[in-house]
Every structure is written in structure tokens, then in C-alpha cells.
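One structure is given below, encoded as C-alpha cells.
The values are calculated or read from the model by the stated rules, or taken from the named source; none is laboratory data. Quantities reported herein were computed from a predicted structural model and do not represent experimental measurements. Cβ placement follows ideal geometry from the backbone for every residue including glycine, while neighbour counts extend to all protein chains displayed. Surface areas here come from the heavy atoms of the whole protein model, side chains and all, with no ligands, DNA or RNA. Shrake-Rupley method; radii C 1.70, N 1.55, O 1.52, S 1.80 Å.
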Amino acid sequence: MTTTRRELAPRYDAAAVEPAIYERWMAAGAFRPAEEAPPGAERFVITQPPPNVTGALHIGHALTATVEDILIRYHRMRGDDTLWVPGVDHASIGAQFVLDKIIAAEGESRASLGRERYLERMWRFMNETRPIIGEQHRRLGASVDWSRERFTMDEGSARAVRAAFKRLWDAGLVYRGEALVNWCPRCLTTISDLENVHRDETGTLWTIRYHLERPDGTPDPDAWISVATTRPETLLGDTAVAVHPDDERYRALIGRHAILPFLGRRLPIVADEHVERTFGTGAVKITPAHDPDDYELARRHDLPAVTVLDDQARINAEGGDFFGRDRYEAREAILDQLRDKGDLEAERPHHMVIGHCERCGTVVEPRLSVQWFIRVKPLAERALASVREGRTKIMPAHFEKVYAHWLENIHDWAVGRQLWWGHRIPAWFCPDGHVTVTDAESGPDACADCGRPLGELRQETDIFDTWFSAGLWPFSTLGWPDATPDMARFYPTSVMETGYDIIFFWVARMMMLGLFCTDTEPFHTVYLHGMIRAGGGVKMSKTKGNSVDPLGMVDEIGADALRFALINGSAAGSDQRLTQAKLDGGRNFTNKLWNAARFVLGSRPEVTAAPGEPSLAVRWIGSRLAEATERATRQLDALDLGGYASTVYEVAWSDYCDWFLEMAKVDLRRDDATEEDRAATWTGAADGLGTILRLLHPLMPFVTEEIWQALAEAASSAVDAEPLLIRAAWPADGHRDVEAEAAFDDLSTLVRGVRNLRTDAGTPAGAWVPLIVDPTGPEAAAALDSGSAYLAALARVRPIEVRSSADRPQLVAASPLGAAWLGVDAAAEHGVAERREAQVGDLQANLARLRALLANQAFVARAPAVVVNRERQRLADLEEQLRQLAADRA
């Protein structure tokens, strides 16, 4: 019986294949879970970390999408009740930062548009950018359930935000009060400590004279106390001078007053043990409204706080003649006038750590402000207990200490932001000063305390910190606060995968809010991936201009190649560099798999016969695939994705393509092979390819799906009855054929030895040369007889003479099957001794290099397992060669 073959194209064209494959998956509804959970199926749920809606995905998003897609596809193939929820984040500060630049180019501003028109413009911007993110995830192969796509500003999220805040308020965990916060003068909002990025800089330390007060209240021109400061513009807000109580230089001045330059304010000289006697002059100016340490000292000494900078960091009316000037302009003016008066005593370079807004890079100002706060200590205690008691696991484990340290030292969360884009805080103020918080979308009917109607109430204008809605993400996406079917079926989720850089921003807050709102940990595992670094180990960033466009890479090499490059050799929590060599390796692997499939599909016998007894090659590859399946399964269950990638790479490239297919060619082309023999070989090749496709599919979904389709059309039993690989079952545990593996190991050792022998003898790569093998015994002779065709093809030797001989030449390859040497004449062996001496020197040099490399623990820990194993095999081969050369010389 003849069959119709589908021929794969000579070259894999990712640009043509990938979009069509994705549409096929979508049309089949392959990403959606079944209408009902399969009986006995375990739940596996991932909620996608929502990328900011403000622009295109970067390479870190590509890594996140790849890691999560691997896990989702694997569990889907395992038959688990699997769901991957997609979504995007509204990114309050980031979105306003981007939109403000856009409308500025249009001749508008937030002020000119007003809140209502500005938000209308923002929604238009959101509707333009949101589809871009979705399309980019499609290009990467993300198999998310698009029917459940969410947005942190959709109605479901808005309802969850209101409900969570109301519950926190009712529990007494929300308050509104004055505190010193981080303020961005460009974004015009508070930012959290985590968004305040500190950088080392060299600034200036100025020493300024504050003249002491005379009895008549005027400054004494001949007496002063010198203070050191790095921010002379803030002296306008000074309310004291502080010294250490044990500092003999100033003991007599404690209790007296100094006069503030320019403004004439009386400043008490106070003693405080927190003053560093070694800093500057040992006397410091105290500006409670503009410095965290000064703020705490002022509270201890009951000092007033005077704010002198407005929301744009300009001097306000408290600054006297400097009113209206920018903080740095005011600084220079103050310094100039101090110099003119002779009161600028000294200035010198000074190393400082300066806080900058993570979003726009502007220097952050500490600012006294009335804010909404969440008391997080009780929430943090529960989140800590969940990890310490093992209900939630963090990978890698050393980040549990980092997580614990932050939660143990956590401060109340300033949750309000002075922005327009975001969830508005659901609090209303009445004229009598009462505050009413409600989760009703329409607001309260009346003041909860005095009954004034809604029309007389004023809603809070602040919005929530973006991380508040993000902290509800694992359950708000499933319908909370309602008891939805999705909440019952898919909560708690399984793995939260994200970068280690937001363990505080996001992971800890999801844990705290998840436990508070649902009384359950939102996930059982936190998997933290590392950063992808640019040259010099710097984190990739769009603002730094060193980020890599993942879609550009997909255009160039295909999504599968990029995904492989991102995962192979990676480890949880470890940074990596995405080099050109890794990208080339991914593309080469894709092509290798494609070419292997072309051979298998093109070599199917025209006449189909019942398979006969499997050859050594078929038995061996079946055993190797069984071992690889067991190992890959174990690695994926343990979230060892780098190890999984190395396992499937080794079995696909080295075992299947480099060894098995070459042996299969021998079996298919043997003159004495029967139709049954050829059928057994081809079936073994097709089944092996089918197993490899299943193993590789979570990592490289497009090329494996395309080959699977062709394999299905070839009527191979490898695909069972499932036409879509995405729905196929994960390979079952197979049988380990220990005898076949041992036989192959012996034969492959001989092949490698003969290949090295050819190289040592300078034999041209394409030349066929005779080989003589002296077997180690009768069993070895029988193995050589049955494996001679493999040996001939793999080592390119013929004829092969198997005989015992005491007369061996100088170049000999040793193996468990016996010693082998090339059957060349004496002329061809001329100069062997000279070459041998050179070879010994080269071998010793290479051995020294390899031993040093493998003794380097950093290399062993960070290099991909396949690279380390390859170097170890090279070391073993070189050691064996050196041993043989030494034996022959003796």
C-alpha cells in the first residue's frame, strides 16, 4: 500500500509557520480549560504578571511569557485543570508620564484639558496600546485564555479595589494623616520607598555660619555656630540646630538660639544623641519638613515643621525673597548671598546617595503631606508566617530571607497618589470633617457619621498606588469579591512567576492582601526569574536605551529560537546575558530539528509492512528517550527550567539527530534489510521524533506543532489520534533497555576513539580508510560483527577487519570492545613518532586548560549543563588519548 507524503519545506520559515499555527490553536479553543474540571485532575493556574500598558514588551516580558508558557503547556499536556489568565496594568505614573509628553506635542497639558477630558484622552490612549501588548504575546506563543483577559482598570478590578479598601477601613487598618513622604516634582505625586531609586553621586558639602542670638534678639556678628549641609536651599525651612550632648565643642551652646540667615527665625540649639559628631562640623541644621531624619528629631524635641517647597520643588511663600525660584536656582542665589556676607565658611566635594524617581529620573524631595496609609504590620505578619511555615515557597530559597527582612522592617504603606489616572480612593468628606468610605460604585447615600446627603460630600481626589490594584490581581481576575465559579475552581492559583526585582513591590503585597481578603495564600509557589543584562552586567531598560526588542528577534530567528535562547542555561533568580551565540544556538537547534523531521518523513518506506524486531539503534533511542522523559518531567515539576531545556536539547540534538538518525540510515539502507526491518526502523524513528516533539513542545511550540501536523499526515502511530500537539498527552514513562544502552555505549566509545584516531593521523574527513580491531574477547567480537555497519558509517571506515594481533602500530584507539587502528601503509605512518610528541604536548596543554575550567566553581554553576557535560566528556576523551599514547611509547 502506498501513502501520500507531506514534504516539509527545505528550510524552516518561522515567519510563515508561526502566525498560522497560532491561529489554528485559537480556532480550536486550545487555550481554554474544559467547561468542567476533568475528574480527578489537579489544578494548575498562573495569573500573568500584567505588563504596563504604556508601550511594547521588552525582553524581560519575553522571558516571563516563555517561563509561564512552558509551565502552562506542560501541565495542560499532563491533563491538569489548567488556566493562564492574561492581562495588562494601567500603570498610573507611567501612563501619565507617557501621555503628558504626547499631549504636550499636541499643544495641551493636564491643566488645559482638565480632569474629565484628560481621562477621556487617557482611555483613548489605553484602547490604542492594549491590543499591541496582546499581539506581541501572540507572537511569542503565549497560550493564555484570551476569553478571560483582564485590565487593572476594568470594572471587575475597580469593584475589587473598592471592596478591599472598605474591608481594610472597617478593620481599622486604614488611616489618613500627615507624614513625610517621597515626592516627585515632575510626576507631581508621592512615590513609595521602592520607587525611590538611590544613586551614588558626588555633590558638595557646604559649611554655613549661623550667628548666635544676642540678648537683644539680634544676630551676633562675632559669634556663630557653623553647620554643614548638602542642601542649602532647605535652610529656609530650618527650625533648629542640633549637636551631640557629649560634644565638648558645643556643650555651652545647648539651650541658646541661633538666627536663621535671610529670614531671622530663632533656632533653638538642641542636643540629640543621633547627631553624628564626625559629620561636617558636628552641628547640623534641622529641617523637619524636608528630611526624614530631621523629621524624627523634630518629633522628639517638639519642633515645628515649616514647608518651603511647593509641589514642583519651587520656593513657596515661606521662603521670603526667594519665593517662586526653582530649588536649584534658589540654592545658587542663597550661596551667592552667603558668600557676599562672608557666612559661607567652606565647600568641598562630598559623596552622597541621592533618591530619584524610578519613572522619570527626577531627584525626589521628602515632603510633609497628608496621605492615606495602610497599617501593614498585621498583614505582614501573616505573609511572613505563610512562607516560614511552608504554605508558600519562594524559589530560589535564598530570596525567602530577603522577603522576610523587608516584611520584618516594613513601614505603613502610603497608598494614595496625587494623579488622575487610576482608581480613585472611595472616600468622601463632609463639611463637618467626617470621612465615609464605601465600596458602592455610586458612592455613599449620606455621611456615615452625621447623615449629610451625598450632594454635600466631596470625594477624595487622590487615586490608589498602582500596586494596590496589582496586589489584588490573583483573585480580582477570577471575580472576587463575588463567589464566582472561577474563584471556586481556580483559586488559589499555583505559581506566581515574576522577576526578583519586584518581590517587594508586588509579591509581598499580593501575599498580604490575598491573605487579608480571601484568608488563603494566593499561590503556593513564587518563582523568581533573574534579569537579562546588557553589556557590563547592566540591567536592560528602555530609559537607558540598552533594551532589546524581542519582536525584532522573533522576526529574525523565530519565536522558538528566542524562547530556547532565553531558557537554556538559565536558573531561577540568576541573571543572564542574551548573547548572539545563544540566539544563534536557538536558531541552529530549530533548523536541526526541522532537518531531522524532513529525513524521517522523507524516508518512510513506500510499502507499509508490519514492523519486525527493533534494531539496536531503535532499542537504544527508545531507552534514551525514556530516561530523558523521566528527567524532564522531574525537572519541570521542580521548576528547573534550565535543566529541562538542557535535557531535551541533549536527547534531541546529540542522541537522536547525531547518533540515532545516522544509525537509522544504516538500517534503512542495508541491502539485506527486509521490509519488516525497514518498517521497524522507520516506526522507531517516527515514534522517537513524536516523543521529542512532545518533550520540546512547552519550550518550542511552533516548530514542534508544525512537524507534528506533518507526522500525523504520514499516519504515524507517534501522534496517536490527536491532530494537535498542544492537546497531546505528555510522554508516559518508558522502558529503560539497559542492555541496549550498554551495547551502544561500548560501540560509541569505539567510534569516538576511531574519529580521534583519524584526526591524529591527519586522515581527510571524507576519506574512507580501513580499520583493524583487536577484540577484547568473544562477546566483543560478536558485538563488533553485529555492529560493524554502524561502526563503518559513523567512523567512515571500510573494510573492517576483526582479528587478534600483537603487532600494533603506534596510533591505537582503545575501547571496551577492543583496540583499533587504521589499516594504512608504512608510508602513511611516516612521521608518526614526531606527530606523537607534538600530540602529547597539545594534549597536556588542553588537559591543563580543561581541568582548570572544570575546577572553576563559578563556571560549573553558571554554564549550561550541556556545556559542562561536553567539557567533561572532552576531558575524559583527552585523558584516554594521553593514556594510550603513553602506553604505546612505553
Practice item. Give the residue from GLY280, LEU528, VAL703 lying farthest towards the positive end of the charge dipole for the chain; charges sit on Cβ (+1 for Lys and Arg, -1 for Asp and Glu) and the dipole is referred to the Cα centre. Key: GLY280
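Can you give the FRET efficiency to the nearest 0.05 for ASP222 and ASP412, using r as the Cβ-Cβ distance and R₀ = 45 Å?
The computed FRET efficiency comes out at 0.40.
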Review point. Placing +1 at every Lys and Arg Cβ and -1 at every Asp and Glu Cβ, with all other atoms neutral, what dipole size does the chain have around its Cα centre, in debye to the nearest 20?
Key: 680 debye
Exercise for review: Provide the per residue accessible area, probe 1.4 Å, for the stretch 426-486, rounded to a whole number of square angstrom.
Suggested key: 40 Å²
Study note, to complete from the structure: Per principal axis, largest first, the Cα atoms of the stretch 37-186 extend in Å by 57, 44, 26
Exercise for review: Would you list the P(r) distribution for the stretch 1-90, with all Cα-Cα distances sorted into 5 Å bins from 0 and each bin expressed as a whole %?
Suggested key: 3, 10, 15, 17, 18, 15, 9, 7, 3, 1, 1, 0, 0
Check your understanding: Leaving out ligands, DNA and RNA but keeping every protein chain, what accessible area does CYS187 have, in Å² rounded to the nearest 10, with a 1.4 Å probe?
Key -> 10 Å²
Check your understanding: Looking at the stretch 202-312 from every direction and averaging, what is the projected area of its Cα convex hull in nm²?
Key -> 7.4 nm²
Review point. Sorted by accessible area with a 1.4 angstrom probe, largest first, how do ILE800, ILE503 fall?
Key: ILE800, ILE503
Check your understanding: Over the chain, what is the percentage of antiparallel beta bridges among all DSSP beta bridges, to the nearest 5?
Key -> 70 percent
Review point. Taking 1 over the mean of 1/r across every pair of different Cα atoms in the stretch 676-780, what Kirkwood radius in Å do you get?
Key: 17.2 Å
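Name the shape class, rounded, prolate or oblate, that the alpha-carbon gyration tensor gives for the stretch 136-209, where a ≥ b ≥ c are the square roots of its eigenvalues, rounded holds for a/c under 1.5, and otherwise prolate holds if a/b is larger than b/c and oblate otherwise.
Oblate, since a/c reaches 1.5 and b/c is not below a/b.
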**Study point:** Area of MET395 that stays accessible when all protein chains are in place (1.4 Å probe, Å², to 10)
**Key:** 30 Å²
Revision key, fill the gap. Heads up, the stretch 290-353 by the C-alpha gyration tensor (a ≥ b ≥ c square roots of eigenvalues; a/c under 1.5 rounded, else a/b over b/c prolate, else oblate) looks oblate
Study note, to complete from the structure: Per residue, accessible area of the stretch 289-419 with a 1.4 Å probe, heavy atoms of protein chains only, in Å², comes to 51 Å²
Exercise for review: Rank these by accessible area, largest first, 1.4 Å probe: ASP737, ASP13.
Suggested key: ASP13, ASP737
Review point. Once you sort the root eigenvalues of the Cα gyration tensor of the chain as a ≥ b ≥ c, which label holds: rounded (a/c under 1.5), prolate (a/b larger than b/c) or oblate (the other case)?
Key: prolate
Check your understanding: Looking at the chain, do any whole DSSP H helices span at least 24 angstrom along their long axis by alpha carbon and average -0.5 or above on Kyte-Doolittle, and which?
Key -> 59-77, 580-602, 616-637, 675-696, 738-761, 832-855
Study note, to complete from the structure: Helix-only [θ] at 222 nm, the chain, -39500 (n - 2.57) per DSSP H run of 4+, per residue, nearest 500, equals -13500 deg cm²/dmol
Revision key, fill the gap. Once Lys and Arg are counted +1 and Asp and Glu -1 for all other residues with Cβ under 10 Å from that of TRP620, the total becomes -3
Exercise for review: For the pairs LYS401/LYS582; LYS101/LYS582; LYS166/LYS377; LYS592/LYS665, note any where the Cα-Cα span goes beyond 28 Å.
Suggested key: LYS401/LYS582; LYS101/LYS582
Revision key, fill the gap. Computed over the stretch 152-275, protein heavy atoms only, probe 1.4 angstrom, the accessible area per residue in square angstrom equals 41 Å²
Point to revise | Positive minus negative residues near ALA793 (Lys, Arg vs Asp, Glu; Cβ under 11 Å) | key: +3
Check your understanding: Among PRO396, ILE772, HIS90, which residue has its Cα positioned farthest towards the positive end of the charge dipole of the chain, with +1 placed on the Cβ of Lys and Arg, -1 on the Cβ of Asp and Glu, and the dipole taken about the Cα centre?
Key -> ILE772
Study note, to complete from the structure: Around LEU119 (Cβ within 11 Å, Cβ-to-Cβ, excluding LEU119; K/R +1, D/E -1) the net charge comes to +4
Point to revise | Fraction of accessible area attributable to carbon and sulfur, the chain (%, probe 1.4 Å) | key: 49 percent
Exercise for review: Just read off the accessible area of ARG727 with the full protein assembly in place, 1.4 Å probe, to the nearest 10 Å².
Suggested key: 120 Å²
Check your understanding: Per 10 Å bin, what percent of the C-alpha pairs of the stretch 418-520 does each bin hold, from zero upward?
Key -> 14, 33, 30, 19, 5
Exercise for review: Pop out the Kirkwood hydrodynamic radius of the stretch 580-704 from its pairwise C-alpha distances, inverse of mean 1/r, in Å to one decimal.
Suggested key: 15.1 Å
Exercise for review: For the stretch 265-408, divide the Cα radius of gyration by the Kirkwood radius and give the resulting Rg/Rh value with two decimals.
Suggested key: 1.08
